[in-house]
Structure formats: structure tokens, C-alpha cells
Amino acid sequence: MGLIRNYNLRSMVVRKGTAAMTAMGIAMVVAVFVMTLAIAQGFQKTLVASGSRQNAIVLRKGATAENVSNVARSQLQLIESLPQVARGADGQPLASPELVVIISLPRISNNDPANVPVRGVGPRAFQVRESLKFVEGRPLTPGTREINVGRLAVGRFQGVTLGSDVRFASQIWKVVGIFTADDAAFESEVWGDVELMIPAFQRNSYQSVTVKLTDPSAFESFEATIAGDPRLDLRPQREIDFYAEQSRVMTTVIRVFGTFVTIILAVGAVFGAMNTMYAAVAYRTREIGTLRALGFSRVKIVVAFLVESVTLALVGGVVGCLLALPVHGLSTGTTNMTSFSEVAFKFRITPALLGAGLLFAALMGAAGGLLPAIGAARIPIARALREI
Amino acid sequence: MALIELRDVTKTYRRDTIEIPVLDSVSLSVAEGDFLGLMGPSGSGKSTLLNLLAGIDRPTRGSIRVGDTETSSLSEHALAGWRARHIGFIFQLYNLIPVLTAFENVELPLLLTSLSRKQRRDHVMTALDIVGLGDRTKHYPRQLSGGQEQRVAIARAVVTDPTLLLADEPTGDLDAKSAAEVLLLLQRLNTEFKKTIVMVTHDPHAAERASHVVLLEKGTLVESEKLEVQS
Amino acid sequence: MKLVGLILKSARRSKRRTALTVLSVAIAVFLFASLRAILDGFNAAAEASSSTRIVTIRSTSLIFSMPSSHVQTIRSIPGVRDLSWANWFGGIYKDPNNFFGQFAVDAESYLRLYPEVELPPDTRRAFLEDRTGAIVGDGLADRFGWHVADRIVLQVGIPVYGTEDFTFTIRGIYRSTGAAVDNQSMFFHWKYADERSLEKGMMGWFVSEISNPDQAAQVSTAIDQKFANTPYETKTDTEKQFQSSFVSMFGNLNLLLGSVGLAVVLTTLFVAGNTMAMSVRERTTEIAVMRTLGFQARTIFLLVAGEGLLMSVLGGVIGAGVAWAIVDARNFPVSGGFIPPFGVSARNAVIGVALSAMIGVLAGMVPATTASRLRIVDALRRVA
């Protein structure tokens, strides 16, 4: 059907102005679609990237987030002694007792106070979380008021650059290192020694313990052992699952919002495409009659016009994707209501998202072209031939 | 047996509640190899008759047989396929697709067959050579004169080697010289290539080229006897 | 006006095209009005803040508390006329997804400071007299089907309140007369929470009423200075600033929703402009004939522009009308209840219609100009 392809393509181009405007309408919708879903995607990736398949996080039973959990010191020792916990080169268990509190720091962008997470970590925290790398300075020294700050936090909140003195909990803490974590949520955090954090914030226990398991498959027995011990009213989760759950509400809200807006906008664009296709059919009525007189069936006519509108829409889709692409990697942030802490993340456009955008464009084209195409095929041949 | 047989063909159009009769119980036979002229005043129904023959319209009553097929009883979809195979149509306004070249226009009906690309090309070039436009394959309709356009349309009509050629006022929009060329071509198709042609016209010059002429007036054949035309 | 008559006739010629264009604009305006409503919803509380209320929290962050000794100190600051306090309870009602605001407050003073909380006097008394009593907003009561005298049980969310569930009796359902207080919250007695708290006498935040709104900054600073360099340093702000910081927690909403709004407008411009251009192109012969009859170029311009404007405004009215009628947070329960209630106000509806008029004018500019500039000779020649 090479000729028919030429016919469709060339017919589209005859009325360049109209085709361009219709394509642009669709492009805008696809751009909005891709951009809003890129927000959800970026947010989710940041949170989920925080989790490693080989790690497990232990919280109080029933705690939905770290800040409403507590784990006693005695429980830490019990957890560390379990055989499923991996050991470091020095034979010590790879476990990090942690505590997260929120402090208020002004945002660089608008000076408004932001809820910045401060995470007290155990001395082996960086071994438990291997994806963390230092880009400036060095890890904090346990027992001192040295702190490390995630790179995204440095870019988002005031006063936490390397060498800064940060004041919170009535004490001064010094930033001695900046780390990256592959865009994980940790990059929005400030890390310090948990043993100093606990008294500084008038707490009396840890909130969680994160351990590195000997092997990802050790999780089930780890879970079973903890469940079986009456001294531990705790619940372990795979780190990945924990963070997936932490991001669930916000991701859903963003996605629902994005989809809602996009669908409504799409209906408008589809109406525009319909208008264009109806006009094209009206303009080419005699042509359609000729094709049918030559023996092209009604189905072929419908397909031809559908192909035209879908192709036009796909052109718009490509333009829309190109319009959206610049936001990829753009930093932004929001407060994760589940943990009440601010998370910096980046817009994230994936090939799958672009594919979805194109598919969406094609669907809009099909929807807009269907009725006009059917109308085109149903005009009685003799009447069509009489049109000017 | 005649190639074409119309039996008591009637066609009425309905506009709202008013019925407009166009053809009234027309019966006609056309032999194979015949070049029939269909004449009559404006509104006599001759174009409608042609449309019915081509299968692009359906009779309200009566039957139409072309070759072995009762076209009046075929479904819309079957008619489309039948038309592609058996009919070559030549329009007054040429009806070439503006966005396709002359070559592509002529190739159009062949897309409905299962011929290969090379085979199609051969057929197209043959058809264009017959009409004398082998050197204008890449031209678009807007780059051709009226006469040339009509000749491309004729090439398109014969490229599938159809059973029947139907021409609706083929010279209606042409100047005298082009008209003469086109009519000569049609005559050649009939005498040399043995094509059966039914041509609607109100131009006496055109009618002269036909081998037989029938007259339609207000939807009926005025004379059931065909007039022999002196060539 | 004969012009209007001509415009109407011409719009009726292609009913389908007119309908599709009107609907496109309607959809765009609907969306635009809804987005504005959401934005307004977020900003509503801050907008409606009282100028005589200031909020004191721990300087470290909102999640830390302050001891009850702060009460006397704050009261003693000149300019502070009244004082109340509240704790965020953060309990769970059956399922963590059933999120709503739960506040343990010093009831009597809190109700004084927040006259927006409207309660019939007898229920008010019943609430004040019941240690485990609670009042809930009418929106919240609707959401869960609660009535006065119902007992509701909340599981502890924040560990400091122990492990046992809290049981409350609903003593009243309040209406909110101002956006500073939403109707989706629950208030109960601070004493009840404190009794069971593992850390006694701790308060989440203080709300002070000041006698002179112009002194807000001074009084705030005075309060904070009192606690500077103590273990429980404070940060005091006007209620408006306090509420605004909540909105900015979500991110730059103005930018986000503004960008989406812009995209909506642009899309519609393309669609509407396209339609009008097509309409003009199809009617070149007609326009030429009118010109030959003596119609001036200016009239043609007004006809085309008028038709465009008419279709757009009609779409705008429909879109704004529908948005005003159906967009209400109650019809769109958003997961978790985090997003503040919103609805399309009359003001947003009017802005929507104005927007549609602007779209109609902009989109019609080029087609109307083209139509008015048409050379009669060109137009009468048949378009190939």
C-alpha cells in the first residue's frame, strides 16, 4: 500500500497551516502528559532508589513511618546478633541504628522554612548503604558533632555547604562531607551520629535499624526469626518495599492529578482533530468518490483517513515529547506527607514514558479521526462525485 | 448473449418526502465490442444510467447484468471489488488525485490487485504509452493541460484491462482540439483494442464516433431501436 | 444589530464545527477554572488568616514540643491578650488512609481564639464538660457518617501517646465560618492526651491573640527572645506565614499549576484558531460575493472575529458553568485527605469566561484579517 501511504502523507501536507495547528494542539497535551508524569516518576524513583534488595529495615510493629517508630537499644543487640545479618571485614554486624528528626531550614529558592530530615546513623551506616559516595570531604567521625549532607540538600536548603556550621538542637554541627546516593531520598538528608542525636533531641531510643542481609533470600528467615521472638515487637521489611510504600500516597496523588488534567485537555485536542478531519473530508469529497468509484472499499477509505489522523497526531506527539524533554533532570522538591520530610528529586523522563506519550497521541488521533473517516466512507458515491 | 443487459431499470431519488423519478423502466442491451453513445437533454437521466452500470449507484427496481454478474444484487463491498476488476470510468472533470503524479494516478486501480510492483509498473507504462503520455509520468495534474489530464484518466481507466469502459461527458470540459484527440483515443480503444464503451454525451461530434446511439428523454429510452451511426 | 444576526446565521451553518469548537473552549475553561480552584484551596487558609493571631513553635521544627512553663512566659509578654495551645495527635481511625487532622487543644481558650469554629451553645457546654469529648467538623462528620453521641476510637500514631487506643465521644459538630479553620478536623481535650502521654506537660504549638495587629512582628520577636538560648527555643510567626509555609511544602504549586494553565490556554488557542481559519477558507466565495455586494472589509473583519468571539465565549460560559456546578472537593475524594478542600468560586468562573473571550479575540485575529484582506478577484476564482 505504498501509494496509499504517499497519498495520505501528501494530503496531510496540502493544508500545512491546519495540519500544523492540529498537531500543535496534540503536542501541547502530550507535553503536559509527559511532564506531569515525569514528576511522579522522578519522585518515585528517588524514593525507591533508596532501597537496596539486600537490605532490610526494622521498625516497631504497626509503625507506618520512621518518625512514629521506636526500637530500644536492647533490641538493637538482639537484631545484630541474628545470623541473617551480614558481617563486615572486621566481623562486626552490618547494622545501622537510626533516628530521623525534622529540622527547619530555609529554602534557597524562596526562604520559606522547609522540613529537612536529619538522620542519626550508626557507625557502619555507609557500609550498609553502599550506593552512597562522597563527592566532597569525608564521612563524619562517630562521637563528634560532624555531619554529612546529601548533595541535593545542599542545592535546596540554605547554609549546609561543605565546612558550614549548622545550628540545631541548641548546638553547632559542622559539615565535613557531601555525598551522593544515585538521586535517592538520602540525598535530601543531613546525617549525623545517632548517639549524639538522641540526647540532642531529647529522645531515648532509636526509631529503626537498617541491616544488610547476608543475601537477599535471607529476608524470609530474618522476618520469621524476628516474628518468633516475643522480646521483639518489631517488623522488618525489605528496604525496597518500605520505600515503595513511603512513596505510594504522593506518587498516586501526582499521577491522578496529571492523568486527570491530561485527559480533559486531550478531549479538547481530540475535538480539534475532529474538526480538522471533518474539514479534510469535506474538502476531498470528490476525491473520495473517485477512489470508491475505482473500487476502493469503504473500509479502505476509513483506514486511509484514520492513518492520516493518527500520523498527524504522532507528529504532534513527537513535538510534544521534544517540548517536554528539557525538564528531564530538573531539580524540584516536595514534602512527602507520609514522612513529613522534604524530598528533593528530579523530573525523570524514561523511554517508556515517551512511548506512552506517543501512544497517547496516536489514540487521540484515532479518536479524532474515527467519526470523520466513517463519515467519509459513507457518502454515496454518485453524490460525492457531484461535489465541486 | 449481450455483454450488458438492463431489465426494467427504474431509479427514483427521495428528497424529504418528495420522490423524484429519474429513470423509468429502462431496458437495454449492449453487445460486446460495442461503442454506445447515450444522448439526451439535461436531466434525462443519462448520467444516472451510467452510474448504475458502473455499480456506483443502485436501481430502485429492475436488474442489471454485466457479463456473468447480476450487479444489482451484489453487496456494497462486493460491488467495490467487482468495479475494480471490471469497470474503467472516465469522468467529465477527470477526477485525478491532485497529490499523486500521473504515474501514481494510473497505478491506483492496480493497487487493488495482487500484482507485484514491477508488474504494476509495466501495466502503467503500457497504458500511458497508449494514450501518448509516456514522457509525463512524474507530472502532477496541475502541471498538465485539460486534454492531458483526461488522457491520464483514460490510461487509468484501461490499466486493469476492464470488461467495460464508461465515459461520462469525457469531452465536456475540453477545447475542440483536445476533445478530438480524446475521442480519437476512445475510438482506437474500441476498434483496435476491442473495448466495449458506453459514453454519455450531448456533443454530436462525440456521438459521431460511437457505433450506436440511444436517446434518453425524461428517464425513458425514446427509441428502443438503436441508431446506427454512419462513421 | 444586523451584524449579530449575520454572525449567528453563519455559526449555524456548520453546526458540527461550531459545536466542536464551543466544546473545546468549554473544556479548556473548565480545566482552567478547576486548576484555579485547587490553587485557591491551597491558599485559602493563608488568605483567611486572622491578623491578630500569631503562632509559636519550636525553632528546630514543628515536630518538637515545648513545655507548659512556656504558657506563663508567653502570657506575660506585653501585647499578648489571650493564649491557647494545641498538639498534633496523628492517630489512626481504622485505616491509615483515613487521614484527617486531630488536635488536642486547651478547649476553652482555643474556642475563644478561633471564633470561626461555630458551635451551638449547648453542645459547646457538653464538649467542655466531657473530658473525653470531641468536636468534629461537619465535613468530617459527612465523610464518615458520624453523629453527636457517637463513640469513635483512634489508634495511637505517635508513640509518645502510649500504646492503648483512645476513645472519644462526639459532643458536637461544628461549622467553620472562615477558611482559617477547615471543617475536616477533630478537636478534643489536651488534658486527656496529656494524661496518657509518656512526656507530660508538652505542647505542640501556641496560638496567641495580640491586641494590636500592627504589633505582630514586635510581639513575635519578644516571645522568641524570651526563649533564646534555652533548651526550648521558639519561632513565632503570624498565622498567615505559618499557613503559607504549609502550602510551600508541596512545592512550587503556583509554578506547576500556572504552567499547566498556560498549556491549556495554548492548546485551546491552537484548536480555536484552527477552526476559524478553516471556516474562513471554506467561505472565500461567500465572502467575495459579500464584498461585491458592497460589504466593507471592516465589516467582514467584524463578522469573522465576531463569530470566533461568540463561539469562544459560549464555550467559556458552558465550561465555567459546569466547573462552578460540579467541581467541589467532596466530589473528588483525593487519597489521604492531604489536599485542602476546594471549589470553583464565582470569581473563578468569571475569570474563566474572560479567558475564553481573550482566546476568542486572539484566535480570531489572523483569520479575520485574512478574510477582510481577501481580493475579490482571487476569491471568485475557483479554489483548485
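The values are calculated or read from the model by the stated rules, or taken from the named source; none is laboratory data. Note that the coordinates shown come from a computational prediction; the quantities given were computed from them, not determined experimentally. Heads up, the Cβs are rebuilt from the backbone with ideal geometry, glycines too, and the neighbour counts pull from every protein chain shown. Note: areas computed on protein heavy atoms with side chains; ligands, DNA, RNA excluded. Shrake-Rupley method; radii C 1.70, N 1.55, O 1.52, S 1.80 Å.
Give me the pairs, please: first residue somewhere in the stretch B:46-68 and within 16 Å of B:I197 (Cβ to Cβ), second residue anywhere and open to solvent by 20 Å² or more (accessible area, probe 1.4 Å) and polar (S, T, N, Q), beta-carbon distance under 8 Å, and either six or more positions apart or on two chains.
Listed pairs, sorted by first residue: B:V66/B:T163; B:G67/B:T163.
If we scan the stretch A:78-100, do we find a residue that is within 14 Å of another protein chain (Cβ to nearest Cβ) and out of contact with any Lys or Arg (no Cβ under 6 Å at 6 or more places or on another chain)? Outline the logic, then answer.
To start, the set of residues in the stretch A:78-100 that are within 14 Å of another protein chain (Cβ to nearest Cβ) comprises A:99-100.
Still in the running and out of contact with any Lys or Arg (no Cβ under 6 Å at 6 or more places or on another chain): A:99.
Yes, the stretch A:78-100 contains a residue that is within 14 Å of another protein chain (Cβ to nearest Cβ) and out of contact with any Lys or Arg (no Cβ under 6 Å at 6 or more places or on another chain).
For a quick check of your reading of the model, give me the residue pairs whose first member lies in the stretch C:313-325 and is crowded, with 24+ Cβ neighbours inside 10 Å, whose second is outside any helix (DSSP H, G or I), with beta-carbon atoms closer than 7 Å and at least 6 apart or on different chains.
What qualifies is C:A323/C:V344.
Would you mention how many residues in the stretch C:242-253 are at the interface with chain A (Cβ under 10 Å from one of its Cβ atoms), touching a residue at least 40 places away in the same chain (Cβ under 8 Å) and either buried (at least 20 other Cβ atoms within 10 Å of the Cβ) or assigned to a helix (DSSP H, G or I) (or both)?
Result for the stretch C:242-253: 5.
Please note which strands (runs of 3 or more DSSP E) are completely contained in the stretch B:1-85 and include at least 2 residues that are surrounded by fewer than 17 Cβ atoms within 10 Å (Cβ to Cβ).
B:4-15, B:18-30, B:61-66
Filter the stretch C:56-69 for residues that are within 12 Å of another protein chain (Cβ to nearest Cβ) and part of a strand (DSSP E or B); which is surrounded by the most Cβ atoms within 10 Å (Cβ to Cβ)?
Among those residues, the one meeting the criterion is C:M66.
Quick check: anything in the stretch C:3-17 over 30 Å from C:Y232 (Cβ atoms) and touching a Pro at 6+ places or on another chain (Cβ under 9 Å)? Give the steps one after another, and end with the answer.
Residues of the stretch C:3-17 over 30 Å from C:Y232 (Cβ atoms): C:3-17.
Among the residues that remain, those that are also touching a Pro at 6+ places or on another chain (Cβ under 9 Å) are: none.
No, every residue in the stretch C:3-17 fails to be over 30 Å from C:Y232 (Cβ atoms) and touching a Pro at 6+ places or on another chain (Cβ under 9 Å).
Every residue in the stretch A:238-288 that is of a type in the set (D, E, K, R) and within 30 Å of C:T284 (Cα to Cα), please.
If the condition is that a residue be of a type in the set (D, E, K, R) and within 30 Å of C:T284 (Cα to Cα), then A:R284, A:R286, A:E287 are the ones that fit.
Would you pick out the residues in the stretch A:339-362 that are open to solvent by 40 Å² or more (accessible area, probe 1.4 Å) and in a strand (DSSP E or B)?
A:K346
Go through the stretch A:203-297 and tell me which helices (runs of 4 or more DSSP H), entirely inside it, have 2 or more residues that are modelled with pLDDT of 90 or more and within 14 Å of chain B (Cβ to nearest Cβ).
A:285-294
Going through the stretch A:318-338 one residue at a time, which ones are touching a residue at least 60 places away in the same chain (Cβ under 8 Å), open to solvent by less than 40 Å² (accessible area, probe 1.4 Å) and more than 11 Å from chain C (Cβ to nearest Cβ)?
The answer is A:C321, and nothing else.
Looking at C:D224, is it touching a strand residue (DSSP E or B) at 6+ places or on another chain (Cβ under 8 Å), touching a residue at least 40 places away in the same chain (Cβ under 8 Å), acidic (D, E) and surrounded by fewer than 17 Cβ atoms within 10 Å (Cβ to Cβ)?
Numbers: touching a strand residue (DSSP E or B) at 6+ places or on another chain (Cβ under 8 Å): yes; touching a residue at least 40 places away in the same chain (Cβ under 8 Å): yes; acidic (D, E): yes; surrounded by fewer than 17 Cβ atoms within 10 Å (Cβ to Cβ): yes.
Taking the combined requirement at face value, the residue satisfies it.
Among the residues of the stretch A:199-256, write down those that are surrounded by fewer than 20 Cβ atoms within 10 Å (Cβ to Cβ) and among the acidic types (D, E).
A:D215, A:E220, A:E223, A:D229, A:D233, A:D241, A:E245
Among the strands (runs of 3 or more DSSP E) confined wholly to the stretch A:23-129, which include 2 or more residues that are among the hydroxyl-bearing types (S, T, Y) and over 30 Å from A:L323 (Cβ atoms)?
Output list reads A:95-106.
Criterion first (surrounded by fewer than 22 Cβ atoms within 10 Å (Cβ to Cβ) and under 28 Å from B:L53 (Cα atoms)) does B:H123 satisfy it?
Details: surrounded by fewer than 22 Cβ atoms within 10 Å (Cβ to Cβ): yes; under 28 Å from B:L53 (Cα atoms): yes.
The answer is yes for B:H123.
Filter the stretch A:4-54 down to residues that are more than 26 Å from A:G268 (Cα to Cα) and open to solvent by less than 10 Å² (accessible area, probe 1.4 Å) and give me whichever is nearest to the other protein chains (Cβ to nearest Cβ).
It comes out as A:Y7.
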